[in-house]
Number of protein chains: 2
Amino acid sequence: MKKGEATRRRIVAQAAGLLNTQGYRGTPVSEIMRVTGLRKGGIYRHFDSRTTLTLEAFEHAVAAKRERFRRALAGRATATEALLAILNLFREEDSHDEVFRGGCPIMNLAIESDDADPKLRAAARKAMTELVGAFEHLIARGIRDGEFPKGDARTRARVMVASLEGGVMLSNLFKDWAPMENVLAHLESHVRNEFR
Amino acid sequence: MKKGEATRRRIVAQAAGLLNTQGYRGTPVSEIMRVTGLRKGGIYRHFDSRTTLTLEAFEHAVAAKRERFRRALAGRATATEALLAILNLFREEDSHDEVFRGGCPIMNLAIESDDADPKLRAAARKAMTELVGAFEHLIARGIRDGEFPKGDARTRARVMVASLEGGVMLSNLFKDWAPMENVLAHLESHVRNEFR
């Protein structure tokens, strides 16, 4: 890897943590300079705009979550097992820590951009569509395989994602795991009861 | 009302809408100046700091929601009726519009402040505690009156609030009412089935 490319990746990784806690839109460039130890020119040599850097930092954060989902799903034989594995993922130490420091990058970018920044909102929509789609896909498989009763898989997926995101928000706000645990227990029982 | 007090109230009301869409922390003072038509000095004559103005604008937004809750609850004989009235409140035209423009001020301030600003976070915590408490109070009444089975009212309240906030977030992100409607239908059925 060339030195320029290594620096670029380091900036993206450091900005990812910073922007997800301090705000994708609200964090001043001076903070990115402080965290990376670079001058403004040293940062913008690698990115044609602040928006480009923001979008890459966001994608970096989402990619880490995507990879963790992928690993949790490997080898799950049934849709029920797969959904429970995804829910249980939130109990892992890494996820636990992330809830308290930053929370969900997709929700964070959504809240900051929904009424304020169409470019960032498009990125949040794309990532959220993928997240809801992952749940929908598993639920649809469970319906096809006769694990869950017939019904609209997207509706069930939206309810699951809404509850999880709300749980992350409450637990991060209060720095208290209890709301998230309550949501997880509720959803697990919902899945085990076949969404009835 | 003295002229100074009237101006102060107008700034708070105008800032409330602006900050809830553009960000409580991220909105530059220049935007508050544009929306109010005042110079910086004209704004800060009335507020000793940007934080004071932000907190008053937030409290203005929360007070409007509190009043709407109060009206929806008036005359409801049972806890079930009261909870369904609160859920149905989200279908009113005003709430519907608010979901698409700004969303929930408490969630917005929570997401912006949870890892970044302890003073604003304290205000978000206070308002969220009140919101969860309102649900908890109704659910506890329903348990006492034998409408709902015994169980932890706070747990049930947290799950309801998490789902609602997540639904608001999804609907505002996609400017699509469907996720919110899915969440409302799910929670209504949950209340009607006595949280079983």
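The values are calculated or read from the model by the stated rules, or taken from the named source; none is laboratory data. Being a predicted model, the structure only gives us computed values, none of them experimental. Heads up, the Cβs are rebuilt from the backbone with ideal geometry, glycines too, and the neighbour counts pull from every protein chain shown. To get the accessible areas, we keep the full protein, side chains included, count just its heavy atoms, and leave off ligands, DNA and RNA. Shrake-Rupley method; radii C 1.70, N 1.55, O 1.52, S 1.80 Å.
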Original post:
Which residue out of B:ALA122, B:ALA134, B:ALA127, B:ALA116 is without any contact (Cβ under 8 Å) to a residue 40 or more places away in the chain and aliphatic (A, V, I, L, M)?
Top reply: B:ALA122
Original post:
Quick one: what pairs do we get from the stretch B:163-187, first residue under 16 Å from A:LEU131 (Cβ atoms) and more than 8 Å from chain A (Cβ to nearest Cβ), second open to solvent by less than 10 Å² (accessible area, probe 1.4 Å) and modelled with pLDDT of 95 or more, C-beta under 7 Å, 6+ apart or different chains?
Top reply: B:SER171/B:PRO179; B:SER171/B:MET180
**OP:** All but one of (1) in contact with an Asp or Glu (Cβ under 7 Å, 6 or more places away or on another chain); (2) within 25 Å of A:GLY23 (Cβ to Cβ) hold for B:ARG50, so report the exception by its number.
**Re:** (1)
**OP:** Output the helices (runs of 4 or more DSSP H) that fall wholly within the stretch B:1-65 and possess 2 or more residues being within 14 Å of chain A (Cβ to nearest Cβ) and touching a residue at least 24 places away in the same chain (Cβ under 8 Å), or say none.
**Re:** B:3-22
Subject >> Matching residues in the stretch A:20-60 - criterion: being within 24 Å of B:TYR24 (Cα to Cα), surrounded by fewer than 16 Cβ atoms within 10 Å (Cβ to Cβ) and of a type in the set (Gly, Ala, Ser) >> reply: A:SER30, A:SER49
Original post:
Just one of the numbered conditions (1) part of a helix (DSSP H, G or I); (2) open to solvent by 50 Å² or more (accessible area, probe 1.4 Å); (3) more than 14 Å from chain A (Cβ to nearest Cβ) is not true of B:ARG68; which one?
Top reply: (2)
**OP:** Scan the stretch A:76-90 for residues that are part of a loop (DSSP other than H, G, I, E, B) and within 15 Å of the chain's Cα centre (by Cα) and jot them down.
**Re:** A:PHE90
**OP:** Determine whether B:GLY37 is among the small types (Gly, Ala, Ser) and modelled with pLDDT under 95.
**Re:** no
Subject >> Filter pass, A:THR7 being over 17 Å from B:ARG25 (Cβ atoms) and in contact with a helix residue (DSSP H, G or I) (Cβ under 6 Å, 6 or more places away or on another chain) >> reply: no
Original post:
If you scan the stretch A:158-185, which residues turn out to be surrounded by fewer than 23 Cβ atoms within 10 Å (Cβ to Cβ) and either assigned to a helix (DSSP H, G or I) or of a type outside the set (Lys, Arg) (or both)?
Top reply: A:PHE174, A:ASP176, A:TRP177, A:ALA178, A:GLU181, A:ASN182, A:LEU184, A:ALA185
**OP:** Please enumerate the residues belonging to the stretch B:107-120 that are at the interface with chain A (Cβ under 7 Å from one of its Cβ atoms) and either closer than 18 Å to B:MET160 by Cα or open to solvent by 40 Å² or more (accessible area, probe 1.4 Å) (or both).
**Re:** B:MET107, B:ASN108, B:ALA110
Subject >> B:GLY133 open to solvent by 10 Å² or more (accessible area, probe 1.4 Å) and either at pLDDT below 95 or away from every other protein chain (no Cβ under 12 Å) (or both) >> reply: yes
Subject >> Residue in the stretch A:18-28 that is at positive phi and not aromatic (Phe, Trp, Tyr) present >> reply: yes
Original post:
Given the residues B:LYS150, B:LYS126, which is the only one that is over 27 Å from A:VAL132 (Cα atoms), open to solvent by 50 Å² or more (accessible area, probe 1.4 Å) and part of a helix (DSSP H, G or I)?
Top reply: B:LYS126
Original post:
Of the numbered conditions (1) within 18 Å of the chain's Cα centre (by Cα); (2) farther than 15 Å from B:MET107 by Cα, A:ILE139 satisfies every one except a single condition; which is it?
Top reply: (1)
Subject >> Subset of the stretch A:94-105 (residues that are part of a helix (DSSP H, G or I), more than 9 Å from chain B (Cβ to nearest Cβ) and in contact (Cβ under 8 Å) with a residue 24 or more places away in the chain) >> reply: A:ASP94, A:SER95, A:HIS96, A:VAL99, A:PRO105
